[in-house]
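A quick write-up on the structure given underneath.
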Amino acid sequence: MSTTAPTPLRLGLIVGSTREGRFAPVVRRWTEQRAAVHPEFTVDVLDLAELDLPAALPGHGSPARDALGALSERLHAADAFVVITPEYNHSYPAGLKQAIDLFHSEWQAKPVGFVSYGGMSGGLRAVEHLRPVFAELHAVTVRDCVSFHMPWDRFAEDGTHQDQAETEAAAKVMLDQLAWWGATLRAGKAARPYAA
């Protein structure tokens, strides 16, 4: 009897900050490195600052609609997501909300994890605002996340974090939870399509 290895789960890594001078690339690099070595994932980075999303859903036939179609395909292909978000004024960036709202079925019956960063709260207030948004879109958010408190001077040149052992452990827990949910929901949808 031959056994084949399961197809790796596709992890969409969404970078939610689009501000000039943002700290997001540092957190993105750290997160991408952790996800890339996880045995159950292949990673697709979706950096909102590089995607030039429209402010509203464009009409049929517009070039912006075609760009959204390409992004929609990438979101549909994902089995799970990690959202990297800073905290702005006790919540998450407006551009991230816009990117989420432009799509619907792409999020359904998929798990979402979070890597947040910010001041004393480490971006956790942004995460708590994102959880009900994804619940409304029929996505499942995992409990554990990675949170970087006051991170600006805590990353070394090589991308490691000052509390590397602790943050590595937190990332592994979150990614393992995403892998379980991603595999479970993928199998469930294959057996019985999800109807929102």
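The values are calculated or read from the model by the stated rules, or taken from the named source; none is laboratory data. Just so it is clear, the structure is predicted and the values come from calculations on it, not from any experiment. Don't worry about glycine lacking a Cβ; one is built from the backbone with ideal geometry, like all the others, and counts go over all protein chains shown.
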* To do: Taking the options Ala171, Ala126, Ala109, name whichever one is in a loop (DSSP other than H, G, I, E, B), crowded, with 16+ Cβ neighbours inside 10 Å, modelled with pLDDT of 95 or more and among the aliphatic types (A, V, I, L, M).
  => Ala109
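Would you be able to say whether some residue in segment 29-40 is touching a Lys or Arg at 6+ places or on another chain (Cβ under 9 Å), without any contact (Cβ under 8 Å) to a residue 40 or more places away in the chain and not hydroxyl-bearing (Ser, Thr, Tyr)?
Within segment 29-40, none of the residues are touching a Lys or Arg at 6+ places or on another chain (Cβ under 9 Å), without any contact (Cβ under 8 Å) to a residue 40 or more places away in the chain and not hydroxyl-bearing (Ser, Thr, Tyr).
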* Hey, can you tell me all the residues within segment 157-193 that are within 19 Å of Pro86 (Cα to Cα) and small (Gly, Ala, Ser)? => Gly159, Ala170, Ala171
* Output for segment 47-70, where each listed residue is closer than 24 Å to Trp30 by Cβ, part of a helix (DSSP H, G or I) and out of contact with any Lys or Arg (no Cβ under 8 Å at 6 or more places or on another chain) -> Leu48, Glu50
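Is it the case that Ala187 is farther than 24 Å from Pro6 by Cβ and either among the charged types (D, E, K, R) or assigned to a helix (DSSP H, G or I) (or both)? Outline the logic, then answer.
Values: farther than 24 Å from Pro6 by Cβ: no; either among the charged types (D, E, K, R) or assigned to a helix (DSSP H, G or I) (or both): yes.
Answer is no for this residue.
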* Would you check which residues across segment 82-101 are closer than 18 Å to Leu13 by Cβ, of a type outside the set (Ser, Thr, Tyr) and assigned to a loop (DSSP other than H, G, I, E, B) and list them? => Pro93
* **Residues located in segment 153-171, provided they are touching a strand residue (DSSP E or B) at 6+ places or on another chain (Cβ under 9 Å) and among the hydrophobic types (A, V, I, L, M, F, W, C)** => Phe155, Ala170, Ala171
